[in-house]
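The values are calculated or read from the model by the stated rules, or taken from the named source; none is laboratory data. Predicted, not measured: the structure shown is a model, and the values here were computed from it. When we count neighbours, we look across all protein chains shown, and the Cβ atoms used for this are built from the backbone with ideal geometry, even at glycine.
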Amino acid sequence: MIGKRSELIVGRSSTGLTPLDAFNTAAPEAAASQLLSACGSHRWAKTLAANRPYDTPKSLIQDAETLWFSLDEEDWLEAFACHPRIGEKKAPATSYLAHSESEQSAAQQTLDAVADALLEGNRGYEEKFGFRYIVFASGRTAPELLTVLQSRLNNSREEELHEAARQQLSIANLRLRKWLNV
């Protein structure tokens, strides 16, 4: 198992390397650890690290997407479990969760009634599907996220698992693009 997660570093390192160059030359465990800040699946992170070097940021992002959809439910659920619940006020501090807090900032600044409905909706979602509600929250308001949650409660578990996986990939892509400056 990979140890503590590293935060994705944006820009050039002190050695003048781009984030992609630094990733390509990092030790396998360090490279995989960096990727865990984008997506909490260990197999996804280890496999991408093993597939190095990448010629371009685009090639890494494309491989990340292809690999994501080749993983099984257990890997997806592992990644989902790394997310704080939408509307949750307090979560353990990790670099992965720091990204989530930033992406969910609009949801954190809502009326108590909407926040309470989100928390209740999360409970109902988790009871029905057995995993956390995963949604690409960046730039969306809490009422929007609540509406999406409520509509997705109509899905079957299989439909919702795949929708949550698509949402997780969107989140990972956003984080990878920020990290790679693309």
Exercise for the section: Please list, ordered by first then second residue, the pairs with beta carbon atoms under 9 Å, 6 or more apart or interchain, first in segment 42-66 and assigned to a loop (DSSP other than H, G, I, E, B), second surrounded by fewer than 16 Cβ atoms within 10 Å (Cβ to Cβ) and of a type in the set (S, T, N, Q). Expected result: Arg52/Thr25; Pro53/Thr25
Fill in the blank from the handout: When Cys82 is run through (1) assigned to a helix (DSSP H, G or I); (2) closer than 26 Å to Arg157 by Cα, the failure sits at (1)
Completion exercise
Looking across segment 49-76 at residues that are loosely packed, with under 11 Cβ neighbours inside 10 Å and not small (Gly, Ala, Ser), the single one that is farthest from the chain's Cα centre (by Cα) is Asp55
Completion exercise
Given (1) within 17 Å of Asn173 (Cα to Cα); (2) at pLDDT 95 or above, Arg52 misses just (1)
Practice task
Look at segment 171-182 and say how many of its residues are surrounded by fewer than 15 Cβ atoms within 10 Å (Cβ to Cβ) and part of a helix (DSSP H, G or I).
Solution key: 1
Practice task
Tally the residues that are under 26 Å from Asp72 (Cα atoms) and among the small types (Gly, Ala, Ser), restricting the search to segment 139-162.
Solution key: 2
Handout entry: Test result for Leu118, modelled with pLDDT under 95, surrounded by 19 or more Cβ atoms within 10 Å (Cβ to Cβ) and over 17 Å from the mean Cα position of the chain (by Cα)
Key = yes
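Please pick out the residue among Arg140, Arg152, Arg85 that is over 23 Å from Leu36 (Cβ atoms) and at pLDDT below 95. Can you show your working first?
Values: Arg152 fails: at pLDDT below 95; Arg85 fails: over 23 Å from Leu36 (Cβ atoms).
When all the criteria are applied, what remains is Arg140.
Just checking, which of Glu101, Glu126 is modelled with pLDDT of 95 or more, in a helix (DSSP H, G or I) and among the acidic types (Asp, Glu)? Steps first, please.
Numbers: Glu101 fails: modelled with pLDDT of 95 or more.
So the residue among Glu101, Glu126 that is modelled with pLDDT of 95 or more, in a helix (DSSP H, G or I) and among the acidic types (Asp, Glu) is Glu126.
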